[in-house]
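Some notes on the structure that comes next.
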Amino acid sequence: MNLRRILTPSCFKIAVSITALIIIVYLLSPTFLELVELKAFDVRFKGRPKVQPGDEVVILTIDEKSLKELGRWPWPRSVMARLIDSLTTYDVKVMGLDIVFAEHSQDKGEDAILAKAVERSGRVILGYYFSFGEETPGLEGRELESSYDVKTMGEHADIITGDGIVGNIGSIGKGAAGFGYFNIVPDIDGGVRWDPLAITYKERYYAPLALQTLRFYLGNPPITLTLADYGVAGLRLGNLSIPVDEEGRMTINYYGGQQTFPHYSIADAIANRIPKEKLKDRIVLIGSTAIGIYDMRVTPFEATYPGVEIHATVIDNILHQRFITRPKWLAIIDIFAIVVVGITLGLVIPRLSAWIGFIVAISVLASYLLLNLYIFSSSGLLINGVYPAMTVVLTYPGIILYRYITEEKEKKWIKGAFQYYITASVMEEILKNPDMLKLGGEERELTVLFSDIRGFTTISEKLSPERLVSLLNEYLTAMTDIVFEHKGYLDKYIGDAIMVVYGAPVPQEDHSVQACKTAVSMMTELKKLQEKWEKDGMPLIDIGIGINTGPMVIGNMGSKRRFNYT
């Protein structure tokens, strides 16, 4: 195969090249485009229909009302004891505290009051957190009991590892039903889109507050963590399978903004102002939503979203098996989508006008994004949206730009080749539709006009070369203007003769009529020239005109290096 032909650009090759480039960029996954995909991920949440959570999870908040009634935070631990006692009376199933009691109260009696309430309840899951980057001196109590039943299928890769732990004081933690960390790790743009369901510390594996709280609610089934060479291979809570990546992270399936889950004030719970049926047998999470007590996070729905509600969302996701997943094989779908979009545009756009092509490109883009959103909403599959969209955004302008450059080059060539042979109006028609000009040869019915000066040799012998050239130029100029007036194609001058084609390169239905009109006009104009020449003392000349209509072959004829349209 001719290498030069392979390397010669075309609209389709432009599309293929852009597609290949985008696939390479997809495999390299630069940080900037990762950020764009994260933002596109957020948009999907807002574009899908609203999702209603289950009624198992309730949030009790340290809100403005609670601070007004119970005083500034932190409250005396006896206040938290009253809350736990009240919730026990409400017969909640489990309480998960997004709070850590890491230091002793100045009044040691307060610690004892809270410790007894926790022990009496028997359904409190206490929170703690890991520190990263440096080892944090903290109290290390029962929190260090491993949370997982670990199954190992080989040497495992690194997952998130804590450097220190900040836990609850021993007296309070002693009677807890369990512990879970409440670390939340944001993405590179500060948004929280996933939850680490496993953190390793001192060669043990630990579960988060949400998972530990749900575990107690379900009757304390085992949490099984399966490790492989590449990292976390699987995670199960009893019979519930939880999809996580190699680092043990679960993508959070947010349902909406703040208060998607029921919120109640802690002050109302302590004062028993909440109807009992709202809390009985529920999972109750306790955390802060008050301004000034920072526990606000950036999520796809809001820039200030309570951290405690993230835990609620994770619990509901697992309990109702509503997950957002991105299996490894989806990378093949991503690349397939890029290829299909790029090749489709490469085949279709060159056959359309710029505006129709633009509409088609926008339609392809919109169709893909809507399909992507539908798959996300219906099955929770996270198919890449940025790279196929980028294929459309780059391929369409690339093809149009290439077409513009080549068409301008073609127009320049046509104009250079024909500007001295046809009138400007015919030239414009050819430039608007270069397909009229078939390069090579084609058979058409045309009309050809020939005219020449009778006795030109005799006349030329009587004049000096300068006067002969002046006479000939004056004559040919007048005759050529008439040819152009009737839209003839001036094929060539043959000395004193003129050859004109009608019906090419732009088709004319009345080509024979135009040729005849040209002949009549030429004879009329000749009489005017004869009167002028007689006054100037120039010899009088006469012409003969011949016209023929019939099938002819018209096109570019000659060699590859030099040819003529005739």
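The values are calculated or read from the model by the stated rules, or taken from the named source; none is laboratory data. It should be emphasised that the depicted structure is a prediction, and the values quoted were computed from it without experimental measurement. No Cβ is skipped: glycine too gets one built from the backbone with ideal geometry, and neighbour counts run over all protein chains shown. Just the protein is used for accessible areas: all its heavy atoms, side chains included, with ligands, DNA and RNA removed. Shrake-Rupley method; radii C 1.70, N 1.55, O 1.52, S 1.80 Å.
Is segment 15-57 best put as rounded, prolate or oblate by its Cα gyration tensor, with a ≥ b ≥ c the root eigenvalues, rounded for a/c under 1.5, and otherwise prolate when a/b is larger than b/c, oblate when not?
Values: a/c = 4.04, a/b = 2.84, b/c = 1.42.
Here segment 15-57 falls in the prolate category.
Rolling a 1.4 angstrom probe over segment 322-409 with all protein chains present gives an accessible area of which 77% lies on carbon and sulfur atoms.
Determine, for each peptide in 207-220, 498-511, 69-82, the mean count of other beta carbons within 10 angstrom over its residues, then list the peptides with the highest first.
Working: 207-220: 23.1, 498-511: 20.1, 69-82: 16.8.
Top to bottom by mean Cβ count within 10 Å: 207-220, 498-511, 69-82.
Please report the antiparallel percentage of the DSSP beta bridges confined to the chain, to the nearest 5.
On the way: 45 of 72 bridges.
Approximately 60 percent, going by the DSSP bridge assignments.
In order along segment 49-66, the Karplus-derived 3J(HN,Hα) couplings, from 6.51 cos²θ - 1.76 cosθ + 1.60 at θ = phi - 60°, round to x, 5, 10, 9, x, x, 9, 7, 10, 10, 10, 9, 10, 7, 10, 4, 5, 5 Hz, and Gly and Pro are given as x. Distance from the alpha carbon centroid of segment 337-392 to that of segment 280-296 works out to 43 angstrom. Karplus-based coupling profile of segment 190-198, in residue order and whole Hz: x, x, 9, 10, 8, 10, x, 8, 8, with θ = phi - 60° in 6.51 cos²θ - 1.76 cosθ + 1.60 and x standing for Gly or Pro. Looking at segment 327-401, the chymotrypsin sites (Phe, Trp or Tyr not before Pro) that sit in a DSSP loop and have at most 11 other Cβ atoms within 10 Å of their own Cβ are 329.
Shown for the chain are the DSSP H helices of 18 Å or more along their axis, judged by Cα atoms, with a mean Kyte-Doolittle hydropathy of at least -0.5: 11-28, 31-47, 77-90, 108-121, 307-319, 330-348, 354-379, 386-418, 465-485.
In deg cm²/dmol and to the nearest 500, what is the mean residue ellipticity at 222 nm of the chain if only DSSP H runs of at least 4 residues count, each as -39500 (n - 2.57), divided by the residue total?
Values: 17 runs with 246 residues, N = 566.
Taking each H run of at least 4 residues, the total per residue is -14000 deg cm²/dmol.
The residues of the chain present an accessible area of 50 Å² per residue when probed at 1.4 Å with all protein chains retained. Of the residues 43, 377, 144, the one whose Cα sits farthest toward the positive end of the charge dipole of the chain, with +1 on the Cβ of Lys and Arg and -1 on the Cβ of Asp and Glu, is 377. Hey, of (1) 42.8, 137; (2) 33.7, 112; (3) 27.9, 86, which did the structure itself give for Rg and Dmax of the Cα atoms in Å when calculated? Correct label is (1). Distance from the alpha carbon centroid of segment 8-38 to that of segment 509-529 works out to 61 angstrom.
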